[in-house]
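Here's the structure, in structure tokens; my notes come after.
The values are calculated or read from the model by the stated rules, or taken from the named source; none is laboratory data. Please read these numbers as outputs of a predicted model, since none were measured by experiment. In this analysis, Cβ positions are derived from the backbone assuming ideal geometry, glycine residues included, and neighbour counts consider all displayed protein chains. Heads up: the accessible areas ignore ligands, DNA and RNA and are worked out on the full protein's heavy atoms, side chains in. Shrake-Rupley method; radii C 1.70, N 1.55, O 1.52, S 1.80 Å.
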Amino acid sequence: MSKSTYKATAPSLRFGQVVIGPPGSGKTTYCQGMQEFLTSLGRKVVVVNMDPANEGLPYSCAVDISELVTLDDVMEGLKLGPNGGLLYCMEYVEANLDWLENKLKQHSDCYFLFDCPGQVELYTHQSSVKNIFSQLGKWNFRLAAVHLVDSHYCADPAKFISVLCTSLSTMLHVELPHVNILSKMDLIEQYGKLAFNLDFYTEVMDLTYLLDHLAADPFFKKFRQLNEKLAEVIQDYSLVSFVPLNVQDKQSMIQVLRAVDKANGYCFGDLEERNLQAMMSAAVGADFQFNSTLGVQERYVEPGSKTVEEEMMDL
């Protein structure tokens with residue numbers, strides 16, 4: 001086959017995000033906000049609802065998986081609970097990928113947002129969602145996984161280590177370029193004060209300091225060795241970091257979009273006119289990450305009354 005013939009028959013590249021994370025982490029709100037934000041930038045956006053339990057969608061949805069299967073029907077017909085029903089739904093979607101392919105074919109030259117279910121084991125153990133993402137790649141989709149977790153977990157050392165383990169497991173299982181997001185930054189201290197500056201959590205710095213905080217709790221003191229091993233695993237992989245996000249903050253959305261565009265390769269394409277500054281910001285975004293995190297901390301985190309020396313004495 002000649003090169004010209006191949007170019008004519010090969011499907012064009014399509015870029016997008018698969019939005020994943022635990023229930024209630026803000027995936028649907030993120031999709032709505034990102035759709036509006038990208039539309040204002042001039043991108044043609046298509047939102048795909050991949051959650052068969054999602055009802056009353058707040059955004060305009062071009063492809064809705066509930067046309068193929070719904071959780072309520074599965075639970076009623078097969079007498080399954082919500083967790084088993086959702087697993088069955090995703091296996092059913094995997095078995096009917098031709099339906100999804102035909103729906104997606106109707107939208108060319110678009111940027112895609114896939115709003116995925118909120119069951120954690122779909123992204124850490126079960127293979128249906130992973131296989132669906134893999135098939136999308138074969139259809140010439142260039143995707144980045146956007147993994148949302150509630151930012152207020154940072155205020156609880158035990159929950160934060162749990163979030164790190166879940167994020168790492170998801171990254172290794174899903175096998176996509178990955179951007180971890182701390183969502184709802186405006187509520188980060190709703191359930192307690194942060195023990196350290198925000199960049200400690202976004203860059204996942206030396207977790208031994210966090211273990212010292214855990215050891216101060218009598219319940220967790222007896223699990224110190226286990227917690228140390230979990231922290232070692234996270235730091236040995238050195239893969240997990242976070243981008244803070246408040247969907248209502250334009251600057252915050254720009255920072256997330258830069259990270260995602262770099263992850264899925266959109267910023268290096270020629271689908272829209274880009275200036276040199278935008279390209280460099282995406283390609284060398286890490287250089288500006290500290291200043292950006294500092295700005296987020298000033299907006300959403302109450303300044304502590306203690307000095308650094310006093311905090312070290314507490315430890």
query = Taking region 38-61, which residues are open to solvent by less than 20 Å² (accessible area, probe 1.4 Å) and in a helix (DSSP H, G or I)?
reply = LEU38
query = Residue check, MET171 against (1) of a type in the set (A, V, I, L, M, F, W, C); (2) assigned to a loop (DSSP other than H, G, I, E, B); (3) surrounded by fewer than 23 Cβ atoms within 10 Å (Cβ to Cβ); (4) touching a residue at least 12 places away in the same chain (Cβ under 8 Å), all met but one. Which one?
reply = (2)
remark   = Of the candidates SER151, SER162, the one satisfying the condition of being closer than 28 Å to LYS193 by Cβ, of a type outside the set (D, E, K, R) and buried (at least 22 other Cβ atoms within 10 Å of the Cβ) is SER151
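Does TYR111 fit the bill of being touching a residue at least 12 places away in the same chain (Cβ under 8 Å), farther than 18 Å from GLY137 by Cβ, surrounded by 13 or more Cβ atoms within 10 Å (Cβ to Cβ) and in the same structural domain as GLN32 (by the TED database)?
Against the criterion (touching a residue at least 12 places away in the same chain (Cβ under 8 Å), farther than 18 Å from GLY137 by Cβ, surrounded by 13 or more Cβ atoms within 10 Å (Cβ to Cβ) and in the same structural domain as GLN32 (by the TED database)), TYR111 does not qualify.
Residues checked against (1) farther than 30 Å from LEU168 by Cβ; (2) in a helix (DSSP H, G or I); (3) at pLDDT 90 or above; (4) not assigned by the TED database to the domain that holds THR170:
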site	(1), (2), (3), (4)
LYS7	yes, yes, no, yes
GLU36	yes, yes, yes, no
GLY77	yes, yes, yes, no
LEU87	no, yes, yes, no
TRP99	yes, yes, yes, no
inquiry  = Considering only residues that are assigned to a loop (DSSP other than H, G, I, E, B) and in contact (Cβ under 8 Å) with a residue 40 or more places away in the chain, which ones fall in region 218-254?
reply    = LEU239, VAL240, SER241, LEU245, ASN246, VAL247, GLN248, ASP249
query = Within region 221-240, can you find the residues that are under 17 Å from the mean Cα position of the chain (by Cα) and open to solvent by 50 Å² or more (accessible area, probe 1.4 Å)?
reply = LEU239
